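Participant: The structure under discussion is supplied below as structure tokens; questions concerning it will follow.
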Amino acid sequence: MESGNRELRVCTYNIHKGFSAPNRRPILPQLRHAIRTLDADLVFLQEVVGERLEKSLKPLSTKSERDPFIYPQFEYLADEVWPHHAYGRNAIYQKGHHGNAILSKSPFLNVDNVDVSQWWFSQRGILYGKISLGINVVCVHFGLFAREREAQLEMLTQLLTEKIPNNSPLIVAGDFNDWSAKLHRSLVDDLSFFEAYSCINGTLAKTFPARIPMFPMDRIYFRNLDLLDSEVLSGAPWNRLSDHRALYASFSMNS
């Protein structure tokens, strides 16, 4: 890396509300340890529980065993490594809520959350903000249905057009549920995005299901940044935590 530049490390991960798949074993402490090993500057998280008023499993006896039931989950995961974090509620139910979160080593200058839900049974949101490094950051979790995703892409496009100048550094990361890559083509062709993993490897990353990934669900899109590397985090422990695998990218920034 040239003198005067610094490396920016980024991860996106659907954490499945802190439970493993498919047996719903609580794994929040293991998730926290795994994410810490990356030493990422920014962590984009989906399916993060912000509040839960009733535990689905009986708490165990020791403090370390009770850790999986600590809410909000994004504060537990951030701990002392990421002093700055943002959270956007998506799915709100009688006993709590979950949504997207961004953990950051740099302060947020502003944060907002946009409801992009199309139907009551599929509550989705776009969490966006700007950090003190001058980078705009957007965390998304799109729906399972094609019509739903197309509407959410339109809303994302409108948000980016209104809020973020074309020449500003920008990262849009998360779970796009876009296994057909239809949205990917629009993001690249119409919005002038690059997708980190496909730039390095020539194809979109297969991240779901975690044990035997077959579908390219998770992405890290960017503009006005210099990409260094990107990889799917595979092998232990990543293949036995969430139902998704995490995706990693690094960028070069002028310091």
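The values are calculated or read from the model by the stated rules, or taken from the named source; none is laboratory data. It should be emphasised that the depicted structure is a prediction, and the values quoted were computed from it without experimental measurement. Because the Cβ atoms are built from the backbone with ideal geometry, glycine has one as well, and the counts that use them run over all protein chains shown.
Participant: Might you check whether a residue that is over 15 Å from residue 245 (Cα atoms), of a type in the set (Gly, Ala, Ser), in contact (Cβ under 8 Å) with a residue 40 or more places away in the chain and buried (at least 20 other Cβ atoms within 10 Å of the Cβ) occurs anywhere in segment 15-37?
Facilitator: no
Participant: Another question about this same structure. What pairs come out if I take residues in segment 186-197 that are surrounded by fewer than 17 Cβ atoms within 10 Å (Cβ to Cβ) and pair them with residues that are modelled with pLDDT of 95 or more and in a strand (DSSP E or B) whose C-beta lies under 6 Å away, six or more apart or interchain?
Facilitator: Going by the 6 Å Cβ cut-off, the qualifying pairs are 194/222.
Participant: Identify, please: which residue in segment 39-55 is at pLDDT below 95 and over 23 Å from residue 177 (Cβ atoms) and is, among those, surrounded by the most Cβ atoms within 10 Å (Cβ to Cβ)? Spell out the reasoning first.
Facilitator: As a first pass, look at segment 39-55 and keep what is at pLDDT below 95: 39, 47-55.
Those still in the list that are over 23 Å from residue 177 (Cβ atoms) too: 39, 51-55.
On the way: 39: 10, 51: 14, 52: 19, 53: 9, 54: 7, 55: 13.
The selected residue is 52.
Participant: Within segment 123-142, can you find the residues that are under 21 Å from residue 183 (Cα atoms) and either part of a strand (DSSP E or B) or not basic (Lys, Arg) (or both)? I'd like the intermediate steps shown before the answer.
Facilitator: Within segment 123-142, the subset under 21 Å from residue 183 (Cα atoms) is 123-128, 136-142.
Scanning segment 123-142 gives 123, 125, 126, 127, 128, 136, 137, 138, 139, 140, 141, 142.
Participant: Restrict the check to segment 158-178 and report whether at least one residue is without any contact (Cβ under 8 Å) to a residue 40 or more places away in the chain, touching an Asp or Glu at 6+ places or on another chain (Cβ under 9 Å) and of a type outside the set (D, E, K, R).
Facilitator: No, that holds for no residue.
Participant: So, in segment 110-140, of the ones that are within 16 Å of residue 87 (Cα to Cα) and touching a Lys or Arg at 6+ places or on another chain (Cβ under 6 Å), which residue ends up surrounded by the most Cβ atoms within 10 Å (Cβ to Cβ)?
Facilitator: 116
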